[in-house]
Structure formats: structure tokens, C-alpha cells
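Visitor: Pasting a structure here, questions to come.
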Amino acid sequence: KKIKIHTVLSHTSNFSFLLRTHDNCINISTTMLATNDYNDYRFRQQVESALSKIETILDTTRNPRYAEEKDHTYNDKFGLAEFLTNTAMAAQANALERLGMDNAIFHKLHSISAKDKRSVTLRFISEESCDFVKEQTVDVESKHEFITETEEVKTTESEKEEKTKTTSRHKVVTKVKEYHWKVTVTYSLFAFPGNDPESGKIVLQSREASTVIVTTGGKQSPLPSKFINDPIDVSLTWLLQNISDQDSFNCNFSIDREATSCRTPRQNEEIFAAMAFFNKMTYWSRKIRETMEHVASLTYTRGSYHSVKPESHVDINSINDDGVFVPVLPLFETPVEQSKKSNALTSSDSITPTMLISLGKQKDNADMSPLLPIADINKFLSEQCRSLSSALKKLEDSFPPSSAQTLMSAAEASLVLLSHHICSIAEHYCNGVGYIEEMLRSQLVSAIGKEIQSEDFTEFILFHNRKLFKNEFVPKPFCHAIRRPGHYPDGVLSIERTGNGDFGTKKTTDPVVTFMRKIERSSSVPMFFPINAATSVEFTGERFLHAWICHEFGEERESRSGGFNLVARARQFSSFLLLIGTVSGPDSFDPQHAIILQNKDEVLIPLLLNQLPTPKEFKDAIQSLSPEQQRFAKAFRSMQLESSVFGVCAVQLKPQLELLLGLPQFSLTKEIKLTQDLLSLFIDYQISSDLLSFDGVDSMTSSEKVEVVKGHVAAVYEMIQELKEKDLRNAEREADMRVEKLGGGGFSYGGGSRGVRSEGGDRRGDRGRGGDRRGERREGGHRRGGGAESRGVRSEGGHRRGDRERGGGVRGGAMHKAYVAYDTAAPPPPARMAPPPSPSARMAIKPKSQAQCDLTKTD
């Protein structure tokens, strides 16, 4: 598993919590090689098939089973991994021997690797050519036959008529030009040391074969005249390095269990290298098999041409190694008595002449190990050689001999079979070591009772931290109450993990747990933060330094949704200022964002934790840079480290209001309405504090000082209310002007009236009777005329309502209220509005008559 440890530092001051997030992460990871995934179903199919074969190889008293079914120790798992690797190496060598690598060639290659310290590469090359042979014309009979019957009547001497019928058959013969082409395939399998294929080349096998194909329709070559395939290489260096040459070739693979990179029997550098070799052998074998399949396809019917020798057509895809025994099996057996084991064959007795290498000698403590004896494994290897030879013999009987001039012979069929077998050996090995890791994992899960996630590991660490550290040093959840000493909290500040839990079953919002150091107010120096280019604010208070370690496994970051949030919550009738930024120096805080929280506000701010290279990674990265680039990289990293000091400052507003207004301490604690009004004046209306601060004598009591401030607040609110009313009246006037411009506004029917309520509560637009006058009081004493009746509203300064008349002149400094006279007695429908007059046209204005009073009433 990959564990990512995030280091987070924090700093707080003056009812604040300055959190420093230092994303300089420590990555503890193991480089894992990309290998085949473990397939449990396929693995158990392979083992079950092999166990049925083992029953015929071993005595009936033997009972090897799956490793998980037998009692064993942790070291036995390492022994099993080494056992599988050595067996797979021996099995692979047996397959290479059938490819032409006999004992002499193997000895020479081993000497090159062990003594000369040079690499050894196995290469397969092939090329194809197509040459024109001849052109000939052939008669091709049609598939259809035409039958003609002829009836002939003859008169004999006795004057009798005899009828005879003659039947003739005809076929259409077409002359077709055929073009004969000779297709030649040449391939070679050889080993060479170093990087020069022509220097010291050792040929294992090679062959050249040809066939003739026929095309019609034109003298156009069906294949390229010459095509050379890319060479297919695989390195044998790892295999040769893990084989010792003493009395005979023995496999000596082992795992360094004391190495720091060794995690499990599967997770170690030696197994990684082994799996890399077997994966490369798999790729090499598959490429050879694909080449042979391509060669076989040249003799098939391909459009308009086919082979002259149909007997050479073979089904190469039917070749497989299902009947070949693979001895790579992760089996354990309960240790038996020494006397019974002594009856087994020794290592030297079990080696048959067909085996190239063996597994070596039995270890001294093998009697107590559940591993199978070496003699049994040599029996398995002998069975592999026997079954492999039997399968090759069947191919020799089914395919033409290699000496025949056919593209596909027993030699090519053997290559295909051996490539299948090499892939099977690699698959068995990868599944075997994967089974060991899966067995170890399942046993651990069974012991714990669940699969461990990062949250479980964090809980495990916290549990042990409580035992390891003293109470004052035990990590605590990052959840701080924003409060004044001895008072109820105004809010809460925390860092919480968010997102779905395991498989989306729950949502976790637990605060992160950090190591914390508290710096008291008395021992802390003042800090500053700027609010503009000319002003800096000094603040003091308690400060907290936090360190946070976050654990994550493998690809958990990519596969899990959610992250970490900085959460701030304010309580009802409480407020505070939250500043977020970075600590740019020992006594300076650089805020980037700020927000005021009050009255149950809640803010969630996602924390983006971008990782910085560790010191070792940074040092390794700049090692090969130029001196100028190194200086720039170091300076830039210094800036990154300084800017990564994440700070959060929480400032309570009530203490600041008391200090700003000159009120005693705690005087606003129970003045909820006054506090809300003050915040509204400062935040919403941007009122200067000089208009609200206490300006009386200092000898007044706390309640009297609060009353003075209340009076100032009430006076300011009264002034604001008057300004609101004035703005409202101005808005109404603008609305009236727009209505008048559009043609007189609304109408009343049957003597009724429509109107709106004025500020004084009166209703304008009442129905006028007789010669009474309508209107409200006007301070200036002026009256707007309108025939026998006039209306008006109160206007400041005694002026009549209305300014410059767009359609006409101005009367007496103010526009008189007038109505548009219509030619008809009945008003137009309400849905139709008269279009606005053009600015250059003058409207016809005349006094309103009594009849018009009942028809046109407007607000």
C-alpha cells in the first residue's frame, strides 16, 4: 500500500486560529511492476487439473494440497515463493531445450553471463519473399452441363417405323490465364551476447521453406516481393544469473528478506524482477506464434489465389498445450517422518537425461517445512519433459517433416506448441505468487474481521497515540470554539473530512486530528495584517500551532470522492470575522479572503492540498541542473514553502464594537438588538463610527453609556428612514411622470375611482362631487388648478408637483397637473394606451370639465 503523509502546521491569534498547511508530503511507496492481475478462478482450474495428474505421479499415501489448507508459518510463504520461482525457471529451461538450446549451448551462454558479465539475448528473425514463376493458360470447365436429346424415326423393310433417341452432353470450357508465384519464408532462432547480433551468434534452429500460389485476373504480385519482419528479442540474462554451475545446473533464486524493499513474499525486488522476466517471455512467445499463424495463412485461399498443393493446408490454430504438464504449483504438504521421506528419490536420482537443470539439494531444515521435497519437484519436471516430448511426437506424425518443401511443417508446429507452453509456465507462475499474496491478505482480513481503509488506519493511529503521548501532547480534533473567556461561544471553526464513506454507504464529517501547541497571549508577540496599502491592523491573542498527518492508501485519492473542508459556523445573535490567508513572516499575516458570519451562518471552504516535492525528491531533481537553474529552483521552492503556511484568523466583533464605540467591556453582551443595529449600520450603510460612539463623560455608568449610544443609533435610523421616504416619493413622482407621458394613466367607470394610498394614509383619486376640491395639504400654499376641482399631493418646499413639461412650457416654476381631452365621451378600452407623443410635438391641454372628471381619473 502507498501511504501519503501530509504535514500541516497551524497558527492562531486573537480569538483566531491560524492554520498552516504545509503540503510538503512524505511519500512512503513501493514501486510495483505492472504484472498480470491474479485470476483466482483460472488459478484454481489450473491447480485442480494438476492435482489429478499428481495423483498418478506420487505415491497414493501422499496428499499435497493448497497452501492455505495446511498449517505453515510466515517464512514458509517466502519459501513457497522461492520454490515457485525456481520451479518455473527449470520448466522454462526445459522448454528452451526443445527449441534447440542443448546442454552445450546452455553451458556456453551461462559462461558468457557469469564469467564475461555480458548480457545474452534470444532473437527470432523472419522474412518473406514472393517471386514470379510462370504464366500459363488452362481450360476451366464450367460447373453447369447442357444435355441435348435427338429423336430419329426410321422405316424398316417391313414398313415398320423405328424411333431412336440420341442424347449428347455439352460443357462450357473457358480458357483462363494463371500466374504462378513462389512464396518463400525464412526464419532463424539464435542467441547472441552483448549488443551485436552478428558477433558470437549461436543458432538454435533455422529453416527455409517455399510454396507456389496461383492467381488469376492479372499479373499483379499478391504479396510484397520481399518483406523482413522486425526481430523479436527477449533477454535471458536474469535466467542465467539465477542458475549456478557447480556439478550441474541448479536454480539458486532466493529473496533477500532483510532488505528494506522487501514487504511481503510477493512485494519485493527479486519477485518483481522474476515476474518481469516471465512477462517478457510471454510477450516473446506470443509474437512468434503470431508470426507462424501469418505464415500458415499464406497457404489458405486468399481471394483470387490459392496454393497449388492443397495437401499443405493445415489448421495451426488447433495446436495447444492442454496435454502438457506444468509443474509450477503452490502446494503444501503436512511434514512427514524422516523415515518416510527417506524413501523418496534424491535430487540426483530424479534427474533424467532430458532435463537441462534441476532445483539443487534439499535444505537441512526441510523435514519441518510443508514444502514438497525436491525429489517430488524433479518428478514433476520429468513428467513435464515426458508430456512435452509426447505432444511434439504427435505433431511430427500430423505435419509434414521439416525436410519437406512446405511452409508449415513439424518444425513450425513445434514452435507454436512451445510458445503456448512458455506462456502457460509464465501464467502459472504469476498466478502462483499472486495466490500467495491473496492468501496473506485474506488471512489478515479474517484476523481483523474487515478490510482496512484509511479511516480505520487513522483510528488505529489515534488509539495508539493516546497510549503513547501524555495528555497534554495527545493529538486533538481540529475543532475550536470562538468565544470570550467565561462566555458562551459565538461560533465553531473546524477542518472536516467530507465525501462518501466506504462504497457510498455513509458520509463522514469528522474533524481531522492534529498535534497542537498553544501559545498564550502573554508570551506571543503582536502580529499585523494589511487592509490596504496605507493601513495595517495589529492583533494579539492566543495562538495555536497544528501539525496534521493524513494517511491514504494506494489509489484511494483518485477512487474516493470528497476531500477536506474548512468549516466555520456562527450561532444565533452572534457574529465574527473570518480571515483566510498565509503567514508571510514571523509577525505578518497576509489575508487573501474574508467573510463576516452571523446569525447561524455556515461556510464550507474546500482545502486544495497540492503536494510539494520532498527534500530528497527536490535534491535529486536539481542535481543535474545548471547553477543558475538550481539557484532559481531553490528560490522558487523557498517561496512555495513560505506561501504554503496557511493561516486562519477569527476576530469576534462584539469586543471590537465595544472598543470602537468607547463602551465598557462586556457591555454589549446582552444588548442583542443594539448589536444587530450597529452591525447593520456599519455593514449595510457604511456609517462612520464617529456618529455612533459614546461622547459623554467617563463618570457615567455602563448602562448610561449604552443608552447614549442607543440614542445615537436611533437618531441615525430616523434620518435613514426619512431618506427612505424621500427616495420613495421621488420614485412615485417618476412613475407618475411616465404615466402622464403615456397618455393619462388609468380610468374610472360609472363615477368610480382608482388610486393608491399616500404616505399619510389618505387615498387619492376619490370621487369629486359638485364644486368640492380634492387634494392634500401643500406646504407652499399653492394649488394646482383643474376647472372646478383641483388635486395635489404634498411637495417639499411648497412647490407644486411636477417639473418641466415635456410636451409644453412651464407654468410658475412647476408643471400644472392637466389631463388630455378626448374627443369622445366614453374612455378608450383599458387595454389600449395612447402612444407617447414625440418630443417635438406639443400636447393639447385644456382644463378638466365636470364631465371629464367622471371619465378620466388618474393617480
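The values are calculated or read from the model by the stated rules, or taken from the named source; none is laboratory data. In this text the structure is predicted, and so the values were computed from the model without any measurement. Cβ atoms come from the backbone with ideal geometry, glycine included; neighbour counts cover every protein chain shown. Keep in mind that these areas ignore ligands, DNA and RNA; they rest on the heavy atoms of the full protein, side chains included. Shrake-Rupley method; radii C 1.70, N 1.55, O 1.52, S 1.80 Å.
Visitor: Looking at the range 622-648, which of the residues that are among the charged types (D, E, K, R) and farther than 30 Å from Pro606 by Cα is farthest from the chain's Cα centre (by Cα)?
Guide: The extreme case among them is Glu628.
Visitor: So, of the residues in the range 220-240 that are closer than 19 Å to Tyr283 by Cα and assigned to a loop (DSSP other than H, G, I, E, B), which turns out to be most open to solvent (accessible area, probe 1.4 Å)?
Guide: Asp230
Visitor: Looking for whichever is of a type in the set (Val, Ile, Thr) and either at pLDDT below 90 or open to solvent by 20 Å² or more (accessible area, probe 1.4 Å) (or both) here; the options are Val567, Val583. Which one fits?
Guide: Details: Val567 fails: either at pLDDT below 90 or open to solvent by 20 Å² or more (accessible area, probe 1.4 Å) (or both).
Testing whether each residue is of a type in the set (Val, Ile, Thr) and either at pLDDT below 90 or open to solvent by 20 Å² or more (accessible area, probe 1.4 Å) (or both) leaves just Val583.
Yes or no, residue by residue, for (1) closer than 30 Å to Cys385 by Cβ; (2) open to solvent by 60 Å² or more (accessible area, probe 1.4 Å); (3) touching a strand residue (DSSP E or B) at 6+ places or on another chain (Cβ under 9 Å); (4) outside any strand (DSSP E or B):
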position	(1), (2), (3), (4)
Lys108	yes, yes, yes, yes
Ser111	yes, no, yes, yes
Glu151	no, yes, yes, no
Lys175	no, yes, yes, no
Glu178	no, no, yes, no
Thr184	no, no, yes, no
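Visitor: Name the pairs: first residue in the range 679-704 and of a type in the set (Ser, Thr, Tyr), second residue part of a helix (DSSP H, G or I), Cβ to Cβ under 8 Å, at least 6 apart or on different chains?
Guide: Correct list of pairs: Tyr685/Ile720; Ser689/Leu660; Ser689/Leu661; Ser689/Phe682; Ser693/Leu660; Ser693/Leu661; Ser693/Val709; Ser693/His712.
Visitor: Same structure, new question: Filter the range 643-678 for residues that are assigned to a helix (DSSP H, G or I) and more than 20 Å from Phe539 (Cβ to Cβ); which is most open to solvent (accessible area, probe 1.4 Å)? Quick ask: steps written out before the conclusion?
Guide: Applying the first criterion (assigned to a helix (DSSP H, G or I)) to the range 643-678 yields 643, 653-661, 672-678.
Those still in the list that are more than 20 Å from Phe539 (Cβ to Cβ) too: 643, 672-678.
Working: Ser643: 64, Ile672: 72, Lys673: 146, Leu674: 10, Thr675: 4, Gln676: 49, Asp677: 32, Leu678: 0 Å².
So, considering only residues that are assigned to a helix (DSSP H, G or I) and more than 20 Å from Phe539 (Cβ to Cβ), the one most open to solvent (accessible area, probe 1.4 Å) is Lys673.
Visitor: Here's something else I'd like to know. For Thr264, indicate whether it is in contact with an Asp or Glu (Cβ under 7 Å, 6 or more places away or on another chain) and of a type in the set (Val, Ile, Thr). Spell out how you get there, then give the answer.
Guide: On the way: in contact with an Asp or Glu (Cβ under 7 Å, 6 or more places away or on another chain): yes; of a type in the set (Val, Ile, Thr): yes.
Yes, satisfied.
Visitor: Follow-up question, since we're still on this one. Which one is nearest to Lys654 (Cα to Cα), of the residues in the range 469-508 that are among the hydroxyl-bearing types (Ser, Thr, Tyr) and at pLDDT 90 or above? Step through it out loud before you land on a result.
Guide: First pass over the range 469-508, keeping only residues among the hydroxyl-bearing types (Ser, Thr, Tyr): 488, 494, 498, 505, 508.
When the remaining residues are screened for being at pLDDT 90 or above, the result is 488, 494.
Details: Tyr488: 13, Ser494: 21 Å.
Ranking the candidates gives Tyr488 first.
Visitor: So which residues in the range 162-176 are of a type in the set (Lys, Arg) and within 30 Å of Gly217 (Cα to Cα)?
Guide: Step one: filter the range 162-176 for residues of a type in the set (Lys, Arg), giving 163, 165, 169, 171, 175.
Scanning the range 162-176 gives Arg169, Lys171, Lys175.
Visitor: A follow-up question, please. So which of Phe43, Phe78, Phe83 ends up being closer than 24 Å to Ala391 by Cα, open to solvent by less than 30 Å² (accessible area, probe 1.4 Å) and of a type outside the set (S, T, N, Q)?
Guide: Details: Phe78 fails: closer than 24 Å to Ala391 by Cα; Phe83 fails: closer than 24 Å to Ala391 by Cα.
From the options Phe43, Phe78, Phe83, the qualifying one is Phe43.
Visitor: Of these, Lys470, Lys450, Lys476, which one is of a type in the set (D, E, K, R), touching an Asp or Glu at 6+ places or on another chain (Cβ under 9 Å) and more than 24 Å from Gln205 (Cα to Cα)?
Guide: Numbers: Lys470 fails: touching an Asp or Glu at 6+ places or on another chain (Cβ under 9 Å); Lys476 fails: touching an Asp or Glu at 6+ places or on another chain (Cβ under 9 Å).
Exactly one residue qualifies, and that residue is Lys450.
Visitor: Quick one: which residue in Ser419, Ser446, Ser424 is open to solvent by 70 Å² or more (accessible area, probe 1.4 Å), farther than 30 Å from Leu607 by Cα and of a type in the set (Ser, Thr, Tyr)?
Guide: On the way: Ser419 fails: open to solvent by 70 Å² or more (accessible area, probe 1.4 Å); Ser424 fails: open to solvent by 70 Å² or more (accessible area, probe 1.4 Å).
Step by step, each of Ser419, Ser446, Ser424 is checked, and only Ser446 is open to solvent by 70 Å² or more (accessible area, probe 1.4 Å), farther than 30 Å from Leu607 by Cα and of a type in the set (Ser, Thr, Tyr).
Visitor: Here's a follow-up. Which pairs turn up if I take residues in the range 619-641 that are open to solvent by 60 Å² or more (accessible area, probe 1.4 Å) and look for partners that are part of a helix (DSSP H, G or I) with beta carbon separation below 9 Å, at least 6 apart in sequence or on another chain?
Guide: Once the first residue is open to solvent by 60 Å² or more (accessible area, probe 1.4 Å) and sits in the range 619-641, its partners that are part of a helix (DSSP H, G or I) give Ala621/Ala633; Gln623/Gln630; Leu625/Phe632; Leu625/Ala633; Gln629/Ile622; Lys634/Phe618; Lys634/Ile622.
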